[in-house]
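Just so it is clear, none of the values below were taken in a lab; they were calculated from the coordinates. Owing to the predicted nature of the structure, the values given are computational and were not obtained by experimental measurement. Cβ coordinates were reconstructed from backbone atoms using ideal geometry, including for glycine residues, and neighbour counts include every protein chain displayed.
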Amino acid sequence: MTRTLAALPGAARRLCLSRRNGEICTREDGHRGLHHRTGGRLLWNDLQADPPECAAAGTPADPAPTLDDGFPGGRAVCPVCWAFVALTGEGALAPHDSWRGDESRHEADRRRAWFNAFGW
Ligand SMILES: [Zn+2]
Ligand SMILES: [Zn+2]
């Protein structure tokens, strides 16, 4: 389910995307009450939600394959949150916030193209 959401950045931007133990909230952005993933059993509040920093920082990773225009520019795909993440000089994932939707329409489009091309 998390993978499916990550592949749909346009849709995901309208979702809450609070995270808890690998679950991701699929209620609308700015909703009231507890976070909840459609079809999931877990309910959580803001205090229980995972911190924005992704726990995968420091994990060894290889740069992702690139599209014709070079996207994602030498970044690696985080195996935990599916963000494109810069690598440190040691070939590990740099500290980053868990993916919660793309910052721009362009990034969202490239991200979708990348996942269509390379999948998982
Ligand atoms: Zn939520
Ligand atoms: Zn991550």
* Return one number: the angle in degrees, 0 to 90 and rounded to the nearest 10, between the long axis of the Cα atoms of helix 105-118 and the longest principal axis of the Cα atoms of the chain. => 70 degrees
* **the chain - percent relative contact order, Cα under 8 Å, separation 6 or more** => 24 percent
* To do: Please turn the phi angles of the range 17-24 into ³J(HN,Hα) values with the Karplus equation 6.51 cos²θ - 1.76 cosθ + 1.60 (θ = phi - 60°), one per residue in order, whole Hz, x for glycine and proline.
  => 6, 4, 10, 8, 6, x, 7, 9
* How many percent of the alpha carbon pairs in the range 51-120 exceed a separation of 19 Å? -> 29 percent
* To do: Return P(r) of the chain (all Cα-Cα pairs; 10 Å bins starting at 0; whole %; ordered from short to long distances).
  => 14, 43, 33, 10, 1
* Of the trypsin sites (Lys or Arg not before Pro) in the range 36-119, those whose Cβ has at most 11 other Cβ within 10 Å and which sit in DSSP loop -> 41
